[in-house]
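The values are calculated or read from the model by the stated rules, or taken from the named source; none is laboratory data. Owing to the predicted nature of the structure, the values given are computational and were not obtained by experimental measurement. Every residue, glycine among them, receives a Cβ derived from its backbone with ideal geometry; neighbour counts consider all protein chains shown.
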């Protein structure tokens with residue numbers, strides 16, 4: 001009996017050694033627009049989506065910047081949640097905590113969206129289109145909800161990127177020293193997107209650009225997660241309360257960016273939603289770990 005068991009274990013070992021460690025498990029889908037639940041492995045509609053996320057107080061929504069369809073999808077989700085009697089709290093990366101007073105003035109009706117854009121200096125801050133995010137903020141306002149900024153300021157980010165320790169406050173140094181840069185799965189996910197560093201103008205900084213940019217990516221994720229944990233403690237009071245996190249898809253997908261770091265600070269359950277653009281020359285394959293729910297668009 002022992003001999004048979006040893007042979008069985010040997011066969012398993014041999015065949016496992018021959019497997020492709022790079023092989024990804026995917027959902028292979030028909031090329032069509034719609035909402036796909038990876039959790040349920042099936043197409044769903046908006047009402048079914050709202051039902052699926054009903055018991056999650058935290059919802060991470062990955063953004064494809066400057067893409068009209070994905071923003072419209074998110075707007076429709078917010079409106080459906082509003083019809084369902086949900087209390088909406090939206091935290092997003094386009095604002096920092098220093099903008100919370102400005103955001104409160106907007107949701108309280110003291111200023112309109114045009115003034116919000118002007119006071120944020122949106123056109124100086126980014127090339128992304130205000131007209132895509134404006135309806136999201138209006139939907140929260142209509143819900144009598146609240147908006148929160150969660151991103152780190154450009155000045156703080158530059159100190160960390162360039163390791164300007166002499167310019168850091170005690171709190172900034174402590175934050176820097178606690179950055180976790182050793183999540184290998186996250187590194188493997190993000191690094192391929194940082195290769196454009198080679199096309200940037202030469203720098204006097206001897207540190208490879210990819211390493212600096214990866215540190216900034218982790219900085220974003222960590223800072224936003226810390227702010228989310230604080231906001232969640234404040235706003236999640238009953239089952240109808242939902243804190244929705246709107247950030248770039250790379251901060252959300254595979255639960256390796258903000259969600260991973262949020263989970264270290266809070267035990268509140270969360271669900272992730274992201275997007276996938278249909279490519280004409282490629283099959284539509286969704287990594288099983290991409291997100292819980294995916295909006296597919298052309």
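Out of the residues in the stretch 285-298 that are under 17 Å from residue 39 (Cα atoms) and out of contact with any helix residue (DSSP H, G or I) (no Cβ under 7 Å at 6 or more places or on another chain), state the one that is surrounded by the most Cβ atoms within 10 Å (Cβ to Cβ). Across the stretch 285-298, the extreme among qualifying residues is 294.
For residues in the stretch 74-128 being touching a helix residue (DSSP H, G or I) at 6+ places or on another chain (Cβ under 7 Å) and in a loop (DSSP other than H, G, I, E, B), which is farthest from residue 296 (Cα to Cα)? Per the stated criteria, the residue is 111. Exactly one residue out of 260, 268 is part of a helix (DSSP H, G or I), surrounded by fewer than 22 Cβ atoms within 10 Å (Cβ to Cβ) and either at pLDDT 95 or above or within 11 Å of the chain's Cα centre (by Cα) (or both), and it is 260.
Whether a residue is under 22 Å from the mean Cα position of the chain (by Cα), over 16 Å from residue 245 (Cα atoms) and either at pLDDT 95 or above or surrounded by fewer than 11 Cβ atoms within 10 Å (Cβ to Cβ) (or both) was assessed, and residue 52 passes this test. Across the stretch 137-155, the qualifying residues are those that are farther than 17 Å from residue 97 by Cα and touching a strand residue (DSSP E or B) at 6+ places or on another chain (Cβ under 7 Å), and the one among them that is surrounded by the most Cβ atoms within 10 Å (Cβ to Cβ) is 140. Taking the stretch 156-169 as the search range and keeping residues that are assigned to a loop (DSSP other than H, G, I, E, B) and at negative phi, which one is surrounded by the most Cβ atoms within 10 Å (Cβ to Cβ)? If we take residues in the stretch 156-169 being assigned to a loop (DSSP other than H, G, I, E, B) and at negative phi, then 168 is surrounded by the most Cβ atoms within 10 Å (Cβ to Cβ). Residue pairs whose Cβ atoms lie under 9 Å apart, separated by 6 or more positions or on different chains, with the first residue in the stretch 82-108 and on the phi > 0 side of the Ramachandran plot and the second not in a helix (DSSP H, G or I), are 85/240.
Residues in the stretch 60-73 that are farther than 19 Å from residue 255 by Cβ and either in a helix (DSSP H, G or I) or in contact with a helix residue (DSSP H, G or I) (Cβ under 6 Å, 6 or more places away or on another chain) (or both): 68, 69, 70, 71, 72, 73.
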